[in-house]
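Engineer: Pasting in a structure now, in structure tokens, and then I'll have a few things to ask.
The values are calculated or read from the model by the stated rules, or taken from the named source; none is laboratory data. Because the structure is a prediction, the values reported are computed rather than measured. Methodologically, a virtual Cβ is constructed for each residue, glycine included, from the backbone with ideal geometry; neighbour enumeration extends over all protein chains shown.
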Amino acid sequence: MCGIVGIIKQNSDLSVANEVLAGLVNLEYRGYDSTGVAILNSDKLIDVEKKCDAPSAMGKEELFKHSSSVAIGHNRWATHGKATIQNAHPHVTKKVALVHNGTIDNFSELKTALKNKKYQFFGESDTEVISVLMTSHLDEGMSGEQAFVKTLSEIKGAFALGVIVANEQNKLYFAKQNSPLLIGKNDTGFCVASDVVAFPLWVNYLIILEDGDYGFIEDFVDDNEKSVIGEYKTFMLKEIAEQATVNGGIINHYIDIKTNNIELGVDINWKEIESVHIVACGTSYYAGTVAGYYFEKYAKIPVYTYIASEFPYRDRETLDTINAIQKAQELGYKTLGVVNAKHTTITRLIKNIVYCRAGTEVSVASTKAFTAQLTVLLTILLKISIDKGLISRDDYKNIIDEMFTIGGLTANALKTADSVEKIANSILDIKGLIYLGRGMCYGLALEGALKMKELSYIHAEGLNCGEMKHGPIALIDGNEAVVIITHFRDPLLNKTRSTVQEVAARKGRIILIADKKAIEEIKSDIDDTIVFYSIEIPESSFFTYPLLAVIPLQFLAHFVATGLGRNVDKPRNLAKSVTVE
């Protein structure tokens, strides 16, 4: 009988090794032939201390003075092998530290197989076989998670395991099979232990593991950790500005700059995809609406975009996206998640996840998450198009080349801030806004209207340009602003020019968001008596245009709202995540 303890805490300034050792002292009743503790140090390397003595005899060693957020420990009652330092836990290789309570029935045959692969052993313990076996799988190129699961499938017997892996973001792996193991937690940390007596005093919640349970606990602080507002007046402005870095980072992460190959890290045969159903809420739905236009244009496959609460294959009104996913899976659909945050319900429900990598969004109104989702969706579209042979290599390369410049293009679009602020200050008296767009710009019109209404509390409506004359035109007068989003390469640009004339004839205040050529064409039709503003988008291809055109829409909502004294980071009645029906 042995005792194990593992602890992981968020951003610990002190070594959790001391808390692990305190837990081992309380487990001395389970054995005290030898004691050992391992930590993942600040360089993501493993440090270990072992002693052929009881836990209460340790604690003055250098390891216990080092800061660490994750540690594992063990006190041993000798079964396989004598009470020696070599047999003491944790068993450590260059890549793995592991503690184990139990016995491995097939350790001898596993050890022989590993020796035949030239792996070395230094003790007699059956546990050493587990650590070397997992190391062998890491050497094969597996991730820590893959190597752990593969190892569990190969060992037979009784085990409670705690494992840490070098060169990983802080993670604590655990598994239980016919040997006691519990998890204790609070808001900032987790403890895995053989008995509740080993838990630190901060534990306030208990999880009882069953045989066959395994997993890992990760230090889930965001990649950007806590967002700091810095020089910006609002978090929203900060997050708008971060889009240049975020969008460029997504492309560099998923597309190989040397080969132009797209690697999304998901197990999907893109050649088999015959249709796409995009299910989302709010801003994410509008990102899907824009992306859907491109899917049909380039990938030549039908795309169906649903507001999650209206997903048709449902028995009842549900928790929107979550239950839409569950219903789709019941019907046999392949599911792919495009999400920003790890450790969410969606990431647990869906095997194939592509992360948006946008970092923390503090402001309730989504900005960089919108463009991140759209960038990811456009990347997925390119992957489908090239794998299905629906786009020529030359066209593919041209689009990829521009995608690699998206960071710089976005930075140029951010320069519209000052001109947009002046426009915003001149329309603070308006009663409402209508946003108009065609094709891919229709989704941008919906997104722009959403941002305006949720931040400024002024009614705003997004419409397809062609729908304005079927009713909404009755709203237009000098008290209404009309925001029109278009592009010179839009095949229906002449129809959009006609729409602008219809607004001008009714004295509506026009805000045109377009590239230079489109602005010049449309402006030539406007006389001096009409209130007309234009916001110029940097020159870009039709493919990347929506990632740029949305930025002045975000600025416009922000500056109108702040001009009216609204709190743009925490608008009334809203929440970042909605978990009610």
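Engineer: Could you list all residues from region 120-149 that are among the aliphatic types (A, V, I, L, M) and either outside the structural domain of Val165 (by TED's automatic domain parsing) or in contact with a Leu (Cβ under 9 Å, 6 or more places away or on another chain) (or both)?
Structural biologist: Of everything in region 120-149, those that are among the aliphatic types (A, V, I, L, M) and either outside the structural domain of Val165 (by TED's automatic domain parsing) or in contact with a Leu (Cβ under 9 Å, 6 or more places away or on another chain) (or both) turn out to be Val129, Ile130, Val132, Leu133, Met134, Ala147.
Engineer: Within region 534-544, is even one residue modelled with pLDDT of 95 or more, over 26 Å from Ala299 (Cβ atoms) and either under 33 Å from the mean Cα position of the chain (by Cα) or not in a strand (DSSP E or B) (or both)?
Structural biologist: yes
Engineer: Quick check, is Phe148 among the aromatic types (Phe, Trp, Tyr) and in contact (Cβ under 8 Å) with a residue 60 or more places away in the chain?
Structural biologist: Yes.
Here is a yes/no grid of residues against (1) in the same structural domain as Ser125 (by TED's automatic domain parsing); (2) out of contact with any strand residue (DSSP E or B) (no Cβ under 7 Å at 6 or more places or on another chain); (3) at pLDDT below 95; (4) among the aliphatic types (A, V, I, L, M):
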| residue | (1), (2), (3), (4) |
| --- | --- |
| Asp13 | yes, yes, yes, no |
| Leu21 | yes, no, yes, yes |
| Val25 | yes, yes, yes, yes |
| Lys51 | yes, no, yes, no |
| Ser69 | yes, no, yes, no |
| Ile72 | yes, no, no, yes |
| Arg76 | yes, no, yes, no |
| Thr84 | yes, yes, yes, no |
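Engineer: Please go through region 344-373 and pick out each residue that is assigned to a loop (DSSP other than H, G, I, E, B) and of a type in the set (Ser, Thr, Tyr).
Structural biologist: Scanning region 344-373 gives Thr344, Thr360, Ser363, Ser366, Thr367.
Engineer: Is it the case that Val246 is outside the structural domain of Phe370 (by TED's automatic domain parsing), outside any loop (DSSP other than H, G, I, E, B) and touching a residue at least 60 places away in the same chain (Cβ under 8 Å)?
Structural biologist: no
Engineer: Of the residues Lys117, Lys44, Lys94, only one is surrounded by fewer than 19 Cβ atoms within 10 Å (Cβ to Cβ), in the same structural domain as Leu172 (by TED's automatic domain parsing), of a type outside the set (A, V, I, L, M) and modelled with pLDDT under 90; which?
Structural biologist: Lys44
Engineer: I'm checking my understanding of the structure. Among residues of region 251-263 that are in contact with a Lys or Arg (Cβ under 8 Å, 6 or more places away or on another chain) and either among the polar types (S, T, N, Q) or modelled with pLDDT of 95 or more (or both), which one is nearest to Lys397 (Cα to Cα)?
Structural biologist: Among those residues, the one meeting the criterion is Asn260.
Engineer: It is to be established whether one or more residues within region 556-564 are surrounded by fewer than 22 Cβ atoms within 10 Å (Cβ to Cβ), free of Cβ contacts under 8 Å to residues at least 60 places away in the same chain, small (Gly, Ala, Ser) and more than 26 Å from Lys297 (Cα to Cα).
Structural biologist: No, there is no match, as no residue in region 556-564 is surrounded by fewer than 22 Cβ atoms within 10 Å (Cβ to Cβ), free of Cβ contacts under 8 Å to residues at least 60 places away in the same chain, small (Gly, Ala, Ser) and more than 26 Å from Lys297 (Cα to Cα).
Engineer: Among (1) within 39 Å of the chain's Cα centre (by Cα); (2) buried (at least 16 other Cβ atoms within 10 Å of the Cβ); (3) part of a loop (DSSP other than H, G, I, E, B), where does Tyr32 come up short?
Structural biologist: (1)
Engineer: Has region 106-115 got any residue that is of a type in the set (A, V, I, L, M, F, W, C) and in contact with an Asp or Glu (Cβ under 6 Å, 6 or more places away or on another chain)?
Structural biologist: Looking for residues that are of a type in the set (A, V, I, L, M, F, W, C) and in contact with an Asp or Glu (Cβ under 6 Å, 6 or more places away or on another chain), one finds at least one in region 106-115, hence yes.
Engineer: Being buried (at least 17 other Cβ atoms within 10 Å of the Cβ), more than 14 Å from Ala299 (Cα to Cα) and in contact with a helix residue (DSSP H, G or I) (Cβ under 8 Å, 6 or more places away or on another chain) is the filter here; which residues of region 260-280 pass it?
Structural biologist: Selection gives Asn260, Ile262, Leu264, Ile278, Val279, Ala280.
Engineer: Okay, moving on. Pairs needed: first member in region 483-503, closer than 20 Å to Pro546 by Cα; second member anywhere, among the aromatic types (Phe, Trp, Tyr) and assigned to a loop (DSSP other than H, G, I, E, B); C-beta distance under 7 Å; at least 6 residues apart or different chains.
Structural biologist: His487/Phe542; Arg489/Phe542
Engineer: Right, next: Can you name the condition, by its number, that Gln329 falls short on among (1) among the polar types (S, T, N, Q); (2) in a helix (DSSP H, G or I); (3) more than 26 Å from Lys258 (Cα to Cα); (4) under 11 Å from the mean Cα position of the chain (by Cα)?
Structural biologist: (4)
Engineer: Let me ask another. Select from region 412-458 the residues that are closer than 19 Å to Lys495 by Cα and either in the same structural domain as Leu237 (by TED's automatic domain parsing) or assigned to a strand (DSSP E or B) (or both) and list them in ascending order.
Structural biologist: Ile434, Tyr435, Leu436, Gly437
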